[in-house]
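Heads up: the structure comes next, in structure tokens.
The values are calculated or read from the model by the stated rules, or taken from the named source; none is laboratory data. Note that this is a predicted model, so its numbers are computed, not measured. We place every Cβ from the backbone using ideal geometry, glycine too, and count neighbours over all the protein chains shown. Note: areas computed on protein heavy atoms with side chains; ligands, DNA, RNA excluded. Shrake-Rupley method; radii C 1.70, N 1.55, O 1.52, S 1.80 Å.
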Amino acid sequence: QVQLVESGGGLVQAGGSLRLSCAASGIGFSWNTMGWYRQAPGKQRELVASITGGANTNYADSVKGRFTISRDNAKTTVYLQMNNLKPEDTAVYYCNRVNSVVSWGQGTQVTVSS
């Protein structure tokens, strides 16, 4: 059964930090490239960070140097450490496979106040 459960969002002031978690099941986690996506109101969902099964990472320019993606294959969990948050990071954050997405989870809301 495919399941993605995101958690860790919240309200934080600009410059603050949050750590998101995504527990995955039923998706062949260990060998798939996983990604964190976000969708702000009125905007399309965008990929902000990805990590391969071998832990190679890639980041959107807008978050490079501030966000860090990591994974624990034993726990089938992917993380997103977000530092120096900005109001423009406000969005619902989701995780999913990168190469072939599966059903989306409920996401976790991140709100950054100025």
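Measuring nothing but protein heavy atoms, the accessible surface of the chain at 1.4 Å probe radius is 46 percent carbon and sulfur.
Excluding CYS22 itself, calculate the net charge of residues whose Cβ lies under 12 Å from the Cβ of CYS22, where each Lys or Arg counts +1 and each Asp or Glu counts -1.
Once all neighbours under 12 Å are counted, the net charge is +2.
Per residue, how much accessible area does the stretch 12-106 show when a 1.4 Å probe rolls over the protein heavy atoms, in square angstrom?
Values: 4700 Å² over 95 residues.
On a per-residue basis, the stretch 12-106 sits at 50 Å².
The stretch between ALA14 and ASP72, if pulled fully straight at 0.36 nm per residue, gains 18.0 nm over its current Cα-Cα span.
Tell me the relative contact order for the stretch 9-114 as a rounded percent, counting alpha carbon contacts under 8 Å between residues six or more apart. Rounded, it is 37 percent for the stretch 9-114.
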